[in-house]
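Data block below; observations after.
The values are calculated or read from the model by the stated rules, or taken from the named source; none is laboratory data. Note that the structure is a prediction, hence the values are computed from the model and not measured. So basically every Cβ, Gly included, is an ideal-geometry build from the backbone, and we count neighbours across all protein chains shown. Areas reflect the complete protein model, heavy atoms only, side chains present, ligands, DNA and RNA absent. Shrake-Rupley method; radii C 1.70, N 1.55, O 1.52, S 1.80 Å.
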Amino acid sequence: MDAINAIALNPQYHELLSLVKGFRNGVVYGTKIRFPHALVMTLLFRTGSVQDKLAAILKATKAHARGLAFFVTIYKSLMLLQRRISTEGKNSDLHTFVAGFVGGWFVFGEKTSVNQQIILYLFSRIAMGLVNTAMKAGNFKAPPKSFALFAAICWGVVMVLFRRDKSVLQDSLKNSMTYLYEDSNHWTSLKTLLWHNK
């Protein structure tokens, strides 16, 4: 065990082992994030047998964990490669973009429900990051109530899209909004009014 621990701590193997740990962290984080989400969403909205529901939960968890693990591995590998061939011996913003672009294309390029949720989550964080970057560069703070305005615009727009043509919305959002705003218009008894949706 001491010999294996010595290899794990040997700086000579650090770069290679960081790829292994990155893959591992992708699996762990993807599982921690997706499993509870898939469990709750499946229990709330999916019909079918317990076996079908369990299979759906495990499939979504595997897809998320696998995606993150392979993205981290591709990204870190390309960063390492670019740093080694760079004349300066260090990574630049261009290297970072290229590694992220290639990883994103190959790992998350297929439009699946899990990939779409990950990319939409990422896009919203990028938008906020760009706003914060612009404010930092301009050395100014957000005006009072700017988040309230942002929230109001988001909700106003999504409600118009849902009402006009909900087919343009992402499936999980569309299903959630249907449950909240349309299913609440229909019931056949006190039981389906207050206890069960249908």
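Details
- When residues of the range 45-59 are limited to those that are hydrophobic (A, V, I, L, M, F, W, C) and either in contact (Cβ under 8 Å) with a residue 60 or more places away in the chain or open to solvent by less than 70 Å² (accessible area, probe 1.4 Å) (or both), the one farthest from M177 (Cα to Cα): A55
- Scan the range 133-147 for residues that are open to solvent by less than 80 Å² (accessible area, probe 1.4 Å) and either more than 30 Å from T178 (Cα to Cα) or modelled with pLDDT of 95 or more (or both) and the total you get is 4.
- Qualifying residue in the range 184-193 (condition: of a type in the set (V, I, T) and modelled with pLDDT of 90 or more): yes
- Residue list for the range 1-27, restricted to those being out of contact with any helix residue (DSSP H, G or I) (no Cβ under 8 Å at 6 or more places or on another chain) and either under 27 Å from S172 (Cβ atoms) or in a helix (DSSP H, G or I) (or both): D2, A3, I4, N5, A6, L9, P11, Q12, H14, L16, V20, K21
- Top-ranked residue in the range 170-186 [being open to solvent by less than 90 Å² (accessible area, probe 1.4 Å) and of a type in the set (A, V, I, L, M); ranked as farthest from the chain's Cα centre (by Cα)]: M177
- Filter pass, A148 being part of a helix (DSSP H, G or I) and more than 30 Å from T61 (Cβ to Cβ): yes
- Qualifying residues in the range 55-83 (those that are among the hydroxyl-bearing types (S, T, Y) and under 14 Å from F101 (Cα atoms)) - the one farthest from the chain's Cα centre (by Cα): S77
- In the range 66-103, of all residues being more than 21 Å from K21 (Cβ to Cβ) and not in a loop (DSSP other than H, G, I, E, B), the one that is least open to solvent (accessible area, probe 1.4 Å) corresponds to V98.
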